[in-house]
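The values are calculated or read from the model by the stated rules, or taken from the named source; none is laboratory data. As the structure is a computational prediction, the values presented were derived from the model and not from experiment. All Cβ positions, even for glycine, are placed from backbone atoms using ideal geometry, and neighbour counts span all protein chains on display. Surface areas here come from the heavy atoms of the whole protein model, side chains and all, with no ligands, DNA or RNA. Shrake-Rupley method; radii C 1.70, N 1.55, O 1.52, S 1.80 Å.
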Amino acid sequence: MSANLGKGQRAGWLVGLVLVFGLASLAGAAQPQDQKQDIPDAPSTTRPPLPFPSTPPAVKPESPPPNQAPPGETNPGNETAPAPAQDAPQPAPPLKITTVPEGGATQEGATSPSDLYKIVTNVNQVLVPVSVKDDSTRLVSGLLPQDFSVFEDGVKQKMNFFTSDPFPLSAAVVFDLGMPDAAVQKVNQTFPALEGAFSQFDEVAIYTYSSTASQAADFAAAGRKLTAVLNELKMQRGRNDGPPVTGGPLGPQGPTVNGHQIDPGAPIVYIPPKQSHALNDALVAAALDLSKRERTRRKIIFIISDGREYGSTASYSDTLKVLLSTGIQVYALGVEGAAIPVYSKLQRLHVPRFGYSDILPKYTNATGGEVFTEFSRDAIEAVYARAIGDARNQYTLGYLTRATPSSTYRQIVVNVARPGLKVAAKDGYYPLPPGR
């Protein structure tokens, strides 16, 4: 009996504990739900958090597009499927646009396309390459800015640039194929020495001319390409003048009818045909291509010729204007008739309608270059290193000029304070705007 009562009391205690815990849970559920909680709710994966209350905007917002819920709400029936990101793009921030300065915009009425892209640039910086040699024709080094004086149209200029550092070259090498074949073949044998005179920092283009001028190779660094072009030029032949034709159908006997002369008593005069030597045209073609090269390079034309000029489309004055307006120096190697000491001086005379027989000194003196006259093959090979070295190692003087872009010629005179030195610089320039 006592054992049975013990079991009943234990069962009653268990039932009592269950009732107590049940009443406690009901009491917790009955507490108000608006009490402030310190722990924030976890973010929902099906809907964005509600925005904080704010004052409604004065302008009524646009209604959302169809099939899209307003911000902060979800579409009915899509509680478990969030909308893709591209359905609700965020507004992009405003772009920061930099406009032209005030007054630089196109004026009203300027509808021409050329007016929209017109750029005017005034160039007033003048650079003057100068070579200084002693009585032994050796370059003089170690001169300072105060040793030089630069005059433009008789007015002394204040230099703002000075350097004696060597410059990389943009060189246009021009070959005269209108010379006698013996002279052309002599020059062809010196091509390895010519190639060796240039450094790896130089760029070289090849031009040839006789009755017309043409480019044999565009600008490229000295290397295999230049070697291949020079090897091809070795196959070129010069002019072969045979004895004059004095009889036959091509003779100078005058007009004939049925094989009989119209005037048998007329004297027979042989007039050899004039052959064109387009030296001016070759210089113009090379100068125009050089003007497009980088301004950080020194631009030169190195021409190998006997100096004859006849039949070019461009005149001497026009060719010189192109050279001086683009800042190009002409270095020349005179061969054949131009290399004979006494004869070469006589040949510099200009006979109207007969062209020039040696025009090379005129171009070299006007542009600040130099002409070398050599006869033998060994002397020609030695000239290459001298000419290219002189062009690379020059003093460079710079100053600001008052001149504006125009076609007016400006004369330049460069003096050195030390006596007994020979100064070579261009005689002047044309303050034309640079090519684009």
Subject >> Members of the range 143-156 found to be over 15 Å from Tyr395 (Cβ atoms) and surrounded by 10 or more Cβ atoms within 10 Å (Cβ to Cβ), listed by number >> reply: Phe151, Glu152, Asp153, Lys156
Subject >> Tally of residues being open to solvent by less than 40 Å² (accessible area, probe 1.4 Å), part of a loop (DSSP other than H, G, I, E, B) and closer than 18 Å to Phe219 by Cβ across the range 189-209 >> reply: 4
Original post:
Does Tyr343 qualify as being modelled with pLDDT of 90 or more and either of a type in the set (Ser, Thr, Tyr) or touching a helix residue (DSSP H, G or I) at 6+ places or on another chain (Cβ under 6 Å) (or both)?
Top reply: no
Original post:
Only one of Lys292, Lys321, Lys299 is modelled with pLDDT of 90 or more, in a strand (DSSP E or B) and open to solvent by 10 Å² or more (accessible area, probe 1.4 Å); which?
Top reply: Lys299
**OP:** With the condition kept exactly as written, say whether any residue in the range 169-188 is open to solvent by 30 Å² or more (accessible area, probe 1.4 Å), in a strand (DSSP E or B) and touching a Ser or Thr at 6+ places or on another chain (Cβ under 8 Å).
**Re:** no
